[in-house]
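The block underneath contains the structure these notes are about, expressed in structure tokens.
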Amino acid sequence: MERLDELKEILKKPRRIVITMHQKPDGDALGSALGLHNYLIKKGHDSTVVTPTDYPQFLKWMPGNDSVVDYEKDPEKSVKTVEAAEIIFCLDFNKLNRLGGLFESVEASDAKIVMIDHHLDPDDYDDFRMSVPTASSTAELIYDLILLFGDESFIDLDIAECLYSGIMTDTGSFRFNSTTPKVHMIAAELLKKGVDLNKVHGNIMDTFSEARMRFFGYCIKEKLTILPEYRMAYIAVSAEEIRKYYLKTGDTEGLVNYPLSLDNVKFAALIIDRTLPGSKETLIKLSLRSTGSFSVYEITHKYFNGGGHKNAAGGISSLSLEDTLKKLLDLLPQYKEQLNTD
Ligand code: 5GP
Ligand code: MN
């Protein structure tokens with residue numbers, strides 16, 4: 001990290017700190033935020049995690065969760081907390097628009113911004129930066145940061161559980177390419193702190209509601225389309241279908257891995273109509289995954305106002321669900337050769 005000593009110096013005094021992350025935070029966003037939060041509290045700082053939106057129920061067990069302020073539920077408190085901050089840690093994103101409704105107050109703030117992130121192609125809005133696209137997760141970077149501060153001994157079970165959750169979720173339970181030997185070493189160190197991996201894995205992975213499980217079944221049986229000539233498979237879901245299954249935040253998490261786990265599929269897409277009821281503005285969310293050299297980051301970055309990583313990326317579209325799907329499928333011929341080479 002550049003200018004680490006300067007940041008260290010600033011943090012020598014107790015500070016008012018806000019930690020925030022991308023909207024609809026996932027396991028890594030929340031795990032890294034709460035891991036850092038628990039560490040900063042232990043160091044004597046006044047730290048608050050402010051989330052731009054709600055997040056899945058299966059993340060709500062993490063130590064420190066009860067103190068998280070949700071901008072959607074309490075905009076006034078969120079904005080006041082951000083305004084009062086001397087330092088804002090921005091975790092697991094690198095474009096300010098990913099802050100959703102929290103964007104304006106963070107942008108207007110005089111606080112020092114610390115970006116800690118592992119996505120490609122960061123924007124320039126920070127004062128301190130730890131941006132490592134090869135890292136498995138932001139939680140891995142928080143672990144590195146604590147060690148850079150010389151504070152390994154501060155890592156207790158609470159911090160370890162949060163960081164382990166972040167690393168586990170962003171590596172797909174230690175199976176993506178980003179799972180380096182170093183990642184396993186860190187996981188081992190966290191286990192030594194007493195992390196119960198059955199508990200963590202169970203809390204996050206094995207807490208499907210019946211509706212969510214049946215929705216997965218419905219999508220796999222009725223909605224999955226496979227295009228063998230492009231080694232591609234996709235699921236496109238309408239707003240009506242989402243409503244019919246009473247889906248909650250986080251209930252579609254992991255669904256895109258099913259088309260990707262088909263033999264001979266290198267590129268998977270989950271396309272969901274997230275248009276709010278009564279809204280005139282269509283909002284389609286794309287979740288793309290790939291294996292091998294094919295970059296879904298290129299697709300979301302060039303065509304869908306998004307970003308992410310080479311093999312896992314997301315974006316948005318304001319076209320209808322059908323037109324968004326068509327736009328995506330129309331791109332396939334130009335990538336046909338690449339999709340068929342490895
Ligand atoms: P997911 O498909 O699970 O929502 O996201 C996959 C990856 O792409 C994650 O690393 C996520 O942070 C990133 N991502 C998802 N949606 C967006 C988006 O709209 N914009 C950008 N820049 N990145 C996104
Ligand atoms: Mn992440």
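The values are calculated or read from the model by the stated rules, or taken from the named source; none is laboratory data. Not measured: the values here are computed from a predicted model. Glycine gets a Cβ as well: all are built from the backbone with ideal geometry, and neighbour counts include every protein chain shown.
Of the residues making up the stretch 213-236, those that are crowded, with 20+ Cβ neighbours inside 10 Å and without any contact (Cβ under 8 Å) to a residue 60 or more places away in the chain number 4.
Counting only residues that are farther than 29 Å from VAL79 by Cα, free of Cβ contacts under 8 Å to residues at least 60 places away in the same chain and more than 16 Å from ligand 2 (Cβ to nearest atom), the stretch 103-155 holds 4 of them.
The number of residues in the stretch 307-342 being within 29 Å of GLY100 (Cβ to Cβ) and assigned to a helix (DSSP H, G or I) comes to 9.
Summed over the stretch 273-293, residues that are closer than 27 Å to ASP170 by Cα and either aliphatic (A, V, I, L, M) or crowded, with 22+ Cβ neighbours inside 10 Å (or both) total 7.
Restricting attention to the stretch 167-213, the residues being outside any helix (DSSP H, G or I), among the polar types (S, T, N, Q) and either at negative phi or more than 16 Å from ligand 1 (Cβ to nearest atom) (or both) number 7. Scanning the stretch 40-57 for residues that are acidic (Asp, Glu) and within 28 Å of LYS12 (Cβ to Cβ) turns up just one, ASP46. The set of residues in the stretch 55-79 that are among the polar types (S, T, N, Q) and touching a residue at least 60 places away in the same chain (Cβ under 8 Å) contains only GLN57.
Could you pull out the residue among LEU36, LEU30 that is of a type in the set (A, V, I, L, M) and within 16 Å of ligand 1 (Cβ to nearest atom)?
Numbers: LEU36 fails: within 16 Å of ligand 1 (Cβ to nearest atom).
Unique residue meeting the criteria: LEU30.
Restricting attention to the stretch 273-296, the residues being out of contact with any helix residue (DSSP H, G or I) (no Cβ under 7 Å at 6 or more places or on another chain) and either assigned to a strand (DSSP E or B) or near ligand 1 (Cβ under 8 Å from one of its atoms) (or both) number 2.
Summed over the stretch 120-152, the residues that are within 15 Å of the chain's Cα centre (by Cα) and buried (at least 21 other Cβ atoms within 10 Å of the Cβ) give a count of 8.
Among the residues in the stretch 15-22, are any surrounded by fewer than 21 Cβ atoms within 10 Å (Cβ to Cβ), more than 16 Å from ligand 1 (Cβ to nearest atom), modelled with pLDDT of 95 or more and not in a helix (DSSP H, G or I)?
Our first condition is that a residue be surrounded by fewer than 21 Cβ atoms within 10 Å (Cβ to Cβ); within the stretch 15-22, this holds for 15-16.
Okay, now just the ones that are also more than 16 Å from ligand 1 (Cβ to nearest atom), so 15-16.
Next, only the ones that are modelled with pLDDT of 95 or more stay: 15-16.
Still in the running and not in a helix (DSSP H, G or I): 15-16.
Scanning the stretch 15-22 turns up at least one residue that is surrounded by fewer than 21 Cβ atoms within 10 Å (Cβ to Cβ), more than 16 Å from ligand 1 (Cβ to nearest atom), modelled with pLDDT of 95 or more and not in a helix (DSSP H, G or I).
Can you find a residue in the stretch 137-145 that is touching a helix residue (DSSP H, G or I) at 6+ places or on another chain (Cβ under 9 Å) and part of a loop (DSSP other than H, G, I, E, B)?
yes
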